[in-house]
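Some notes on the structure that comes next.
The values are calculated or read from the model by the stated rules, or taken from the named source; none is laboratory data. What you see is a predicted model; the values in this text were computed from it and never measured. All Cβ positions, even for glycine, are placed from backbone atoms using ideal geometry, and neighbour counts span all protein chains on display. With ligands, DNA and RNA removed, areas are computed over all heavy atoms of the protein, side chains included. Shrake-Rupley method; radii C 1.70, N 1.55, O 1.52, S 1.80 Å.
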Amino acid sequence: MNIEELRDIGTAKLPKPIADFFNSGSTYQETLAANTAAFSKYKLRSRVLVDVSKPDTSTVVFGNRISFPLCVSPAGIQGMAHPDGELATSRACAKAGINMGISSFANYDFDEIMKQGESSGVHYALQMYTMRDKVLQEKIIRRAEARGVKAILLTADSPVLGVRWNEHKGDFRAITGFEFPIIGITEEMWRSSSHEEMFDKFNDDTHNWARDIPYLRSLTKMEIWVKGIMTAEDTLLAIKHGVNGILVSNHGGRQLDGVPATLDALVECVGAGQGRIKIHVDGGFRSGTDIFKALALGADCCWVGRPTIWSLAYKGQEGVDLMLKLLQDDFRRCMQLCGCRTIKDISRSCLSRMNSDGVLARL
Ligand SMILES: Cc1cc2nc3c(=O)[nH]c(=O)nc-3n(C[C@H](O)[C@H](O)[C@H](O)COP(=O)(O)O)c2cc1C
Ligand SMILES: O=C(O)C(=O)c1ccccc1
């Protein structure tokens, strides 16, 4: 199987409004399509007669040596894909030896999620929005730090939600029995308003660099990462405010439609960062070759969102195990066939770019 097949099989198992919620982007779906399409304009420069018998795909993220440069993006409401939801995802991350991002809209508490994997060495990042309820936000942060969460991922691209037409056409909240224990939203609260109304009640759209980064720093020694950076300007602001890293992301094409593919935004962010900040990226990664291309363009690590959801829907933990194995195997083979023995060998010289006139150009 490949990730596209997992998408088709997983999606077919879900009621349509739920599948649409997971799979859609915002407005005209332009950015959603751009994310996956961007990879094909880069071509691999395969190198031969290199001893690649012992490839080392490992790298270090959040102080943890992971088996290959991938983390699982925080995606909310995984219980709607499979009853085991984030618990299954956590077990699969443990088995694969990678780190996991936990959405603040997870259907299980981070304590339970972490119990599934931390004995195998997984490190966890907790995704947060800026919350209106600062008392609750501080409580969550202190509890996360005491519990051993390594990083806060501050999602910065969502002062308001993107336009999700599918949510106006069908109510995806068809499966009952859900709560959001991390942020204390009960099923009753969740059902009493639309997804967007609930989000607006919870999320603080006055967030800003000058207030929120120092605020988080004053509260915790955990790493602070900003998720949703798409420009050189914001990369420079992230450096100025001393965050530990950025995740170049357009929220899987679910926020502002019309922004470029993250692979394209990555290039300007890496250019601005000049090695002064860790840069990760998500959006549209569907193969190990995609991961290789992003690393060659300067990313330190990649993340996947929907592939986790599709694999959960397909077969719970077993599905996610399979998805992570497919990506790792494909990534290893791509490294070997490009003549790379370690992650450090992956550089811009591994790629060329197909220009619009059909001519290949070195980067
Ligand atoms: C169903 C779904 C729920 C998501 N929930 C969150 C969330 O709660 N917080 C967040 O920061 N990002 C969320 N995201 C965005 C992901 O973290 C990630 O940026 C995106 O899915 C990456 O693109 P990909 O799905 O193409 O891999 C969500 C994405 C999806 C598809
Ligand atoms: O739908 C999303 O993209 C998202 O970020 C989200 C926000 C709140 C609850 C569930 C998902």
Flagged in the stretch 187-241 as aliphatic (A, V, I, L, M), more than 16 Å from ligand 2 (Cβ to nearest atom) and not in a strand (DSSP E or B), in numbering order, are Ala210, Ile213, Leu216, Leu219, Met222, Ala232, Leu236, Leu237, Ala238, Ile239
Among the residues that make up the stretch 142-156, is at least one of them surrounded by fewer than 13 Cβ atoms within 10 Å (Cβ to Cβ) and more than 22 Å from the chain's Cα centre (by Cα)? yes
So is Gly121 modelled with pLDDT of 95 or more and away from ligand 2 (no atom under 16 Å from the Cβ) or not? no
Got a sec? Which of Pro74, Pro69, Pro83 is surrounded by fewer than 18 Cβ atoms within 10 Å (Cβ to Cβ), at pLDDT 95 or above and of a type outside the set (Asp, Glu)? Pro83
Matching entry among Ser249, Ser311, Ser287 (being within 16 Å of ligand 2 (Cβ to nearest atom) and in contact (Cβ under 8 Å) with a residue 24 or more places away in the chain): Ser249
Please indicate, with yes or no, whether at least one residue in the stretch 42-60 is aliphatic (A, V, I, L, M) and in contact with a strand residue (DSSP E or B) (Cβ under 8 Å, 6 or more places away or on another chain). yes
Residue, modelled with the highest pLDDT, within the stretch 173-186, restricted to residues that are open to solvent by less than 50 Å² (accessible area, probe 1.4 Å) and over 22 Å from the mean Cα position of the chain (by Cα): Gly184
Just give me the residues in the stretch 333-358 being open to solvent by less than 80 Å² (accessible area, probe 1.4 Å), over 22 Å from Asp300 (Cβ atoms) and without any contact (Cβ under 8 Å) to a residue 60 or more places away in the chain, in sequence order. Asn355, Gly358
Please identify the pairs in which a residue from the stretch 197-216 that is in contact (Cβ under 8 Å) with a residue 24 or more places away in the chain has its Cβ atom under 7 Å from the Cβ atom of a residue that is surrounded by 12 or more Cβ atoms within 10 Å (Cβ to Cβ) and part of a helix (DSSP H, G or I), counting only partners at least 6 apart or on another chain. Trp209/Leu237
Filter result (in a loop (DSSP other than H, G, I, E, B) and either within 16 Å of ligand 2 (Cβ to nearest atom) or open to solvent by less than 20 Å² (accessible area, probe 1.4 Å) (or both)) within the stretch 97-111: Ile98, Ser103, Ser104, Phe105, Ala106, Asn107, Tyr108, Asp109
Here's a check for you: in the stretch 245-275, which residue that is away from ligand 1 (no atom under 15 Å from the Cβ) and outside any helix (DSSP H, G or I) is least open to solvent (accessible area, probe 1.4 Å)? Gly258
If you scan the stretch 98-127, which residues turn out to be under 12 Å from Val149 (Cα atoms) and of a type in the set (Ser, Thr, Tyr)? Tyr124
